[in-house]
Amino acid sequence: MDVNAYGFLLKYSSPFSILVVTNEDKLIELKCPFKVAVITNVKNMMVSQIKDVSQVKLATNNKLVYIIEDKPYFYYYFTILL
């Protein structure tokens, strides 16, 4: 992805919130910090632990990254708790 494409994506995003579709098909904005549950053991986190996401970022591979305890983790290790 070129620099202009990254700029376009970042123009409409914020590191302090995320848009989520609920089970009732409603679009809501979750502001940081929001809670997630660990669904896959990763580094020092175990399944079922609850963590707070302080920021949401986009990695260079275009995958969503959650900042938890000042460390980046890919979104697919977690489920969002509403």
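Across the chain, the longest run free of exposed loop sites, meaning trypsin sites (Lys or Arg not before Pro) lying outside DSSP classes H, G, I, E and B with no more than 12 other Cβ atoms within 10 Å, spans 1-25.
The count of lysine pairs in the chain with alpha-carbon distances below 15 Å, taking only pairs 8 or more places apart or on different chains, stands at 8.
Every helix of 4 or more DSSP H residues in the chain counts as -39500 (n - 2.57), and over all residues that averages to -3000 deg cm²/dmol at 222 nm. Computed in the context of the full set of protein chains, the accessible area of the chain at 1.4 Å probe radius has 57% of its extent on carbon or sulfur.
Free of any chymotrypsin sites (Phe, Trp or Tyr not before Pro) that DSSP assigns to a loop and that have at most 13 other C-beta atoms within 10 Å, the longest stretch within the chain is 17-82. Couplings 3J(HN,Hα) of the range 57-65, computed from phi: 10, 10, 6, 5, 8, 6, 9, 6, 10 Hz, in residue order, whole Hz [Karplus 6.51 cos²θ - 1.76 cosθ + 1.60, θ = phi - 60°; x for Gly and Pro].
Given that compact globular proteins tend to follow 2.2 N^0.38 Å, what is the ratio of the alpha-carbon Rg of the chain to that value? Numbers along the way, then the final one.
Working: Rg = 13.4 Å, N = 82, 2.2 N^0.38 = 11.7 Å.
That works out to 1.14 for the chain.
The values are calculated or read from the model by the stated rules, or taken from the named source; none is laboratory data. These numbers come from a predicted model, not from an experiment. All Cβ positions, even for glycine, are placed from backbone atoms using ideal geometry, and neighbour counts span all protein chains on display. Accessible surface is based on the protein model in full, side chains and every heavy atom, while ligands, DNA and RNA are left aside. Shrake-Rupley method; radii C 1.70, N 1.55, O 1.52, S 1.80 Å.
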